[in-house]
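Asks: My questions will all concern the structure given below.
Just so it is clear, none of the values below were taken in a lab; they were calculated from the coordinates. From a predicted model like this one, the values you see are computed outputs, not experimental measurements. Counting neighbours? That spans all protein chains shown, and the Cβs are built from the backbone with ideal geometry, glycine included.
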Amino acid sequence: MPAFMIVYARVTDTERFDCYVEAVGPCIARHGGRLIGRGKPPLVLEGEFDWQTVGLLEFPSFGAARNFWFSPEYSKIKALRDGAAHFQVVLVEPPA
């Protein structure tokens, strides 16, 4: 069953963040994931929203998404975004 990672971001250093974006795509793919949507800025239909952009990633399973997030490879890439943006990331699995 697929799992979805929702990434909320507020970018503070575009140049540094671009380095992260360039490196993370292939890493996501190696874990079976793919970017299926990105809104910059998203259309907020209800409620408060304090983020600039939202990314939606799909992975083949909850385990594959967790393996990506906690992989040594991603840990190195994730360091590229330090000081470049603020994030909130959630992982959800559709009901069976």
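Asks: How much FRET efficiency would the formula 1/(1 + (r/R0)^6) give for L56 and D18, where r is the Cβ-Cβ distance and R0 is 22 Å, rounded to 0.05?
Replies: FRET efficiency, L56 to D18: 0.65.
Asks: Tell me what the chain gives for mean residue ellipticity at 222 nm when only DSSP H runs of n ≥ 4 count, each as -39,500 (n - 2.57), the sum divided by the residue total, rounded to 500 deg cm²/dmol.
Replies: -10000 deg cm²/dmol
Asks: With springs only between Cα atoms under 10 Å apart, run a GNM on the chain and tell me which of F70, F62, F17 wobbles the most.
Replies: In the Gaussian network model the winner is F70.
Asks: Can you bin the chain into rounded, prolate or oblate? Criterion: square roots of the alpha carbon gyration tensor eigenvalues sorted a ≥ b ≥ c, rounded for a/c under 1.5, prolate for a/b above b/c, oblate for the rest.
Replies: Oblate shape, in that a/c is at least 1.5 and b/c is the bigger or equal ratio.
Asks: Give the long-range amide H neighbours of T53: residues separated by 5 or more places, or on another chain, with amide H under 5 Å away, using H modelled in the peptide plane at 1.01 Å from N.
Replies: Counting only residues 5 or more places away or on other chains, the set is A9.
Asks: Here's a follow-up. Per 0.36 nm of contour for each residue apart, how much would the distance between E48 and A29 grow if the chain were fully extended, relative to their Cα-Cα spacing?
Replies: Using 0.36 nm per residue and subtracting the Cα-Cα distance, I get 3.6 nm.
Asks: About its Cα centre, what dipole magnitude does the chain give when the only charges are +1 on Lys and Arg Cβ and -1 on Asp and Glu Cβ, stated in debye to the nearest 20?
Replies: Its charge dipole is roughly 280 debye.
Asks: Next question. Place +1 on the Cβ of every Lys and Arg and -1 on the Cβ of every Asp and Glu in segment 1-42, take the dipole about the Cα centre, and give the residue among P2, V21, I36 whose Cα lies farthest towards its positive end.
Replies: The listed residue farthest towards the positive side: P2.
Asks: While we're on this one: Given the C-alpha centroids of segment 36-50 and segment 1-32, what is the distance between them in whole angstrom?
Replies: Using only Cα atoms, the two centres lie 17 Å from each other.
Asks: Using DSSP to define loop residues, name the GluC sites (Glu not before Pro) in segment 23-96 whose beta-carbon has at most 15 other beta-carbon atoms within 10 Å.
Replies: For GluC sites (Glu not before Pro) across segment 23-96 that sit outside H, G, I, E and B with at most 15 neighbouring Cβ atoms in 10 Å, the list reads E46, E48.
Asks: Okay, moving on. Work out from phi, with θ = phi - 60° and the Karplus expression 6.51 cos²θ - 1.76 cosθ + 1.60, the ³J(HN,Hα) of each residue of segment 59-64, listed in order in whole Hz, and give x for Gly and Pro.
Replies: Per-residue couplings from phi come out as 10, x, 7, 4, x, 5 Hz.
Asks: What distance in nm separates the two pseudo spin-label positions at I36 and F87, each 7 Å out from Cα along the beta-carbon direction?
Replies: With each label point 7 Å from Cα toward Cβ, the separation is 2.0 nm.
Asks: With a ≥ b ≥ c the root eigenvalues of the C-alpha gyration tensor of segment 1-54, is it rounded (a/c under 1.5), prolate (a/b larger than b/c) or oblate?
Replies: Verdict is oblate for segment 1-54.
Asks: For the chain, what is the relative contact order in percent, using Cα pairs closer than 8 Å and at least 6 residues apart in sequence?
Replies: Result for the chain is 52 percent.
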